[in-house]
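One structure coming up, written as structure tokens, with questions to follow.
The values are calculated or read from the model by the stated rules, or taken from the named source; none is laboratory data. Remember, it's a predicted structure, so these values are computed and weren't measured experimentally. Cβ: placed from backbone, ideal geometry, glycine included. Neighbour counts: every protein chain shown. Only protein heavy atoms, including side chains, enter the accessible area calculation; ligands, DNA and RNA are left aside. Shrake-Rupley method; radii C 1.70, N 1.55, O 1.52, S 1.80 Å.
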Amino acid sequence: MKKLLFILFAFTVAMPSFAQEKKSGSFVSVNVGGGAGSFNPSIKSKVTTTYSDGKKEENREGYKFKYDAINFFADVEYTFNGFTTLFEGCYGQAKNGEWEMKTKVTNPLVKLDESKFEDKASFYSGSVYIGPILFPKKRFQMPILGGIGLTYNDGEPFNKLSFDFCYKVRAKFYITRNVGLFAGVSGNIGIAGDTEVLGGKEDDKADITMHRLSFEGGLTVMLGRKK
């Protein structure tokens, strides 16, 4: 019983320190970490199918790829009164690539040189995010961010630059006043223009889009604070 009372007393004393508020103001942090997830490009075009009875149907057909992916990143974060702006650089590798043709017809119109398809790829990206922080003055915080970026994708048949719409949700816990750990999820949808279709006319193109999803974790270090 005495041990139980001692534990309860220690927990009661420790709680104010554990949940203490961080001082308001602005500060800069550096975050480093890595993640694992999926990289799923697709190459599709709008195709009109005319049936024997004259009925027409429009669909998007083409290729869908699926890779396992890992990535490594570093970012600089500027926080001010519950909002944060984050600049991130990222490098990733994708492997074990698989693909399938998504079409409703026997002889697909969206046709690429499948002999050039690679089962691995890599990507290099730079992004900027902005968004609010839940529990901004606590040891435990949750940034919820959206942003834009550019990614160079290196791998056939989609070795192109893409413009990305990005999102990121993290859960941070500060072990000390300036050092913490975080885990979360991030992803993006990238638009990479188009590519020519084999055997098609000059204006026959297929659109390339990129989808990335990653579960990430890492270390955050607060470099300075402006009171």
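If the cut-off is a Cα-Cα distance under 15 Å, which aspartates and glutamates reach K64, setting aside same-chain residues fewer than 8 apart in sequence?
Correct list for K64: E98, E100, D113, E114, E118, D119, E156, D194, D207.
Right, here's the next one. Can you check what the net charge comes to around I208, using other residues whose Cβ is under 13 Å from the Cβ of I208 (Lys, Arg +1; Asp, Glu -1)?
Net charge in that neighbourhood comes out at 0.
How many nm is it between the label spots at A36 and A74, if each spot is 7 Å from the Cα in line with the beta carbon?
Calculated label separation equals 2.4 nm.
Determine, for the stretch 73-163, the count of lysine pairs separated by eight or more sequence positions (or lying on different chains) whose alpha-carbon distance falls under 16 Å. Don't skip to the answer; put the middle values down first.
Working: K95/K116; K95/K120; K102/K111; K116/K160; K120/K160.
For the stretch 73-163, the number of qualifying lysine pairs is 5.
Right, something else. For F123, F87, write out the residues from largest to smallest accessible area, computed with a 1.4 angstrom probe and no ligands counted. Walk me through the numbers before you get to the answer.
Details: F123 5, F87 115 Å².
Sorted by accessible area, descending: F87, F123.
Follow-up. Give me the mean projected area, in nm² to one decimal, of the convex hull enclosing the Cα positions of the stretch 45-105.
So the Cα hull casts an average projection of 7.8 nm².
Still on this structure: Expressed as a fraction of 2.2 N^0.38 Å, the rule-of-thumb size for a compact globular protein of N residues, what is the C-alpha radius of gyration of the stretch 23-169? It would help to have the intermediate numbers written out before the result.
Numbers: Rg = 20.7 Å, N = 147, 2.2 N^0.38 = 14.7 Å.
That ratio works out to 1.41.
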